[in-house]
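The values are calculated or read from the model by the stated rules, or taken from the named source; none is laboratory data. None of these values were measured; they are calculated from a predicted model. A quick note on method: Cβ atoms are made from the backbone with ideal geometry, for glycine too, and the neighbour counts reach across all protein chains shown. What goes into the accessible areas is simple: the full protein's heavy atoms, side chains included, and nothing from ligands, DNA or RNA. Shrake-Rupley method; radii C 1.70, N 1.55, O 1.52, S 1.80 Å.
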Amino acid sequence: MSIYFPDRDDTADGALPRRLPRHWRITAAVLLFAVLELLLSLHLATQHPWLGIDLVASVDGSGVEVAGVATDGPVSGKLHSGDRLLALRGGDRIAFTLRGSDLVEEPDYFNDYADYRAFFARQQRLAELLDDPQLAAQAADGRWQSLPRLPERPLADLPNLFWLQLLFAVAALSAGAVVVAIRPQREAWWYLATSLALSLVCATAAIYSTRELALYGGLFHQLSALNHLGGLLFPACAVAMLWNYPRPLGRPQTAWLFPAAALLIWCLHASQLLVNHDIGFRLQVMIAMAGFCYLAWSQWQRSATYPADRAALKWFLFSWVAGSGLFIVALFLPLMLRLGPLIPQGYLFGLLLPCYLCMPLGLTRYRLFDLDRGWFEAWALFFAACAVLVLDGLLMRLAGHSPETALVFALALTGWLFYPLRRMAWQRRQRERQASRIERYTQASALMLTLAPDTVPIQFWKKLLQTAFAPLQISAAGATVPVLALQDEGNVLALPASPGTESLLLFGAENGRRLFDPDDLKTAETLAGLFVQAMAARDAYTRGAEEERGRLRRELHEDLGARLLNRVHTTSDSDEAASSRAMLEEVRSLIDLLDHREFRLDECINEWQAQFHEQCDSAGIDAHVHAPPSAPAYRLTVVERSFPARILREAVNNALRHSRPTRLSLTLRIDGRYLSWVFEHDGLTHPVAGWRPSRGIRNIDMRVQDLKGSLEWQQPSPDRLRMELRFPLTDGGST
């Protein structure tokens, strides 16, 4: 069956789907557009006359200087490096004075619209002169010299800056296409929109910023307008992307208002209705940046309980803030302060490219648990780059150093300060990051010492994991987990089954504040090993204790029990026989305590009644017992069987020893999972309020505590005593 058309079977003849999914078709179209953009840029960059010289502005701004001459160029041998050209003329022999500003790489460096238009008018005149067959240039000594030229600029003459900007344009488009192909969701489409806008900025700038001298004014103006269109749409589409990512901040359709506003501003700016370039372009980009920061803060607040979203958002914000921040700091702010750009615009694109290409890492959520660990390093490098740019600009502008000297000093100062400061910040971050983990791991390790013989393994294992990782939730995996692994972008830690446990899933480390990471894998692996060793030690201890109890049972039964039984049957003294029988009962109780058998509740009730009747009969006292006719099918532990019998025996003995009762009664009640005893007699001689705890009373209290029950002594009348015992039935220790 076709994966694209479920109702059609194309596999019978091996046919491929007739139509690819929409996001694949758009991806292919974008890649094709990138190729066409590349070819068109090459065409526009080469379709004008070529002199074969590199020109730079003169120091005093009058004329231009020849910085280099191509050895195979048309003017090779006629012009030399260092020559100054003051003017050009054509067949009309009207001189057109050259200015250093004719070589500016970006026309919006002319802030006023009037200067902007005048620049294109000069470019138009220069382009016409370059097309004139009788082109001549005036040297510094006033002589005119004809300049031959070729009709087209060869590809080999295009500078590295052209290829860098064109590479950035193609890379931006390719990144957008790949993200849409991998993750065709709303935020990916907006990322593709930013890619298209950014490629438009880079491709147009590559053409006119690397021109030899001039382009036709109309073409140049159109390229500049398209450059500004991309420059306004890029931040607007980024804001629209952040409106939807990682979680929508409102209706998705609202995001279209941002690029619509950018288009409106561009129309006004292209019509030159917004005062100047600072107001019409650069300020608008900075306003969009401010809006982006506000939405980023909103998304940051919303992602507080979604660690995967926050990790993805970190890389998304770093990419935008680092790239755009470098551009604004090194280009926009200096221009608005009338200082000139710190470094050429083309090289800024080269710095922006790595930052921009980090965005897909967050958008596609590729190994977020590893990306989160590189957050500190990325910001450290960003601030180092900003420091180099700022120092470089200050040294050139304020100290008057050459670009080469300023760059060397900036790199040296940044290096001397960066590495010590980075190390200090890293150590502090690691201390804060590891402190809570070390504390929890220490607590988990100490918890191993509390492992008791009756501990349920799965409950103890969950308690251990809760202590070590503080997850939001621990649940059974449902299926076998073969190996320890991170799942769901680091939101889930999957643990295979350990002895006595099952496969588990841990959700949201540190109460959902962060993702699980590879360090957690190592911690979980260590804890699993310690748990297996602790369980093995517990089992060994249990086996040893059971063997020792068995030996004691045999010794008590075969030695002491046999001797007491022999004394009961051979003595002629009735008091001695009664004492021996009492001691024999105690020995039997001790043997029972050393056994781990379970006993039925109805059997225990019958034993307690028989013991009560036997004690009363031997003392010649009337005994009355009220017990339920039937009992639930509960199972009692040795303690639950033996301790109530001992408490009853001690209570009867105390009544016979310290009082003069004529009647003893015992009432047993079962209330859900609780068993209640009420023992009463009518021979009280000392008020309960005046009792002082005796050894017998203390023994009763300790056994009540072991039963996790309660005991209450009451005096309903001056000569009556009531003891009420209540304790839970654990049904063999299951509750």
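Computed over neighbours whose Cβ is under 15 Å from that of residue 665, the net charge equals -2, Lys and Arg +1, Asp and Glu -1.
Here the contact order of the stretch 49-151, divided by its residue count and restricted to Cα pairs under 8 Å and six or more residues apart, works out to 31 percent.
Summing charges over all other residues whose Cβ lies under 12 Å from the Cβ of residue 64, with Lys and Arg as +1 and Asp and Glu as -1, gives -4. Taking a ≥ b ≥ c as the square roots of the Cα gyration tensor eigenvalues, the stretch 177-277 comes out oblate, since a/c reaches at least 1.5 and a/b does not exceed b/c.
For the stretch 622-681, the gyration tensor built on C-alpha atoms gives an oblate shape. Its axis ratio a/c (a ≥ b ≥ c) is at least 1.5, and a/b is not larger than b/c.
Straightening the chain between residue 463 and residue 699 buys 81.5 nm, computed as 0.36 nm per residue apart minus the Cα-Cα spacing.
Computing FRET efficiency as 1/(1 + (r/R0)^6) for residue 674 and residue 185, where r is the C-beta to C-beta distance and R0 is 60 Å, gives about 0.55. Between residue 263 and residue 717, the contour length at 0.36 nm per residue exceeds the Cα-Cα span by 153.7 nm.
Cβ-Cβ distance of residue 480 and residue 602, R₀ of 56 Å, FRET efficiency by 1/(1 + (r/R0)^6): the value works out to about 0.85.
Counting every C-alpha pair in the stretch 447-534, the share spaced more than 23 angstrom apart comes to 15%.
Heavy-atom accessible area with a 1.4 Å probe sorts 228, 686, largest first, into 686, 228. Each residue was assigned an accessible area with a 1.4 Å probe, and for residue 65 the value is about 50 Å². Here the extension length gained between residue 20 and residue 627 equals 210.4 nm, from 0.36 nm per residue of separation less the Cα-Cα distance. Annotation: residue 621 carries an accessible surface of approximately 30 Å², with a 1.4 Å probe and no ligand, DNA or RNA atoms counted. In this structure, residue 450 and residue 290 have a Cβ-Cβ separation that, at R0 = 45 Å, corresponds to a calculated FRET efficiency of about 0.20. Here residue 204 sits with roughly 10 square angstrom of accessible surface, probe radius 1.4 Å. For the stretch 599-728, the pair-distance distribution built from all alpha carbon pairs, in bins 5 Å wide starting at 0, is 2, 10, 22, 25, 21, 13, 6, 2, 0 percent. Distance between the 7 Å Cα→Cβ label points at residue 253 and residue 405: 6.3 nm. The 1.4 Å probe gives accessible areas that order 634, 191, largest first, as 634, 191.
Separation of the stretch 36-91 from the stretch 99-140 is 13 Å, based on Cα centroids. Rounded to two decimals, the Cα radius of gyration of the stretch 49-151 over 2.2 N^0.38 Å is 1.05.
Which order do you get for 463, 78, 708, 314 if you rank them by accessible area with a 1.4 Å probe, largest at the top?
So the residues, ranked largest to smallest area, are 708, 463, 78, 314.
What does the C-alpha gyration tensor say about the overall shape of the stretch 24-72? Classify as rounded when a/c is under 1.5, otherwise prolate if a/b is larger than b/c, or oblate. Verdict is prolate for the stretch 24-72. Taking every alpha-carbon pair under 8 Å whose residues sit at least 6 apart, the stretch 599-728 reaches a relative contact order of 23 percent.
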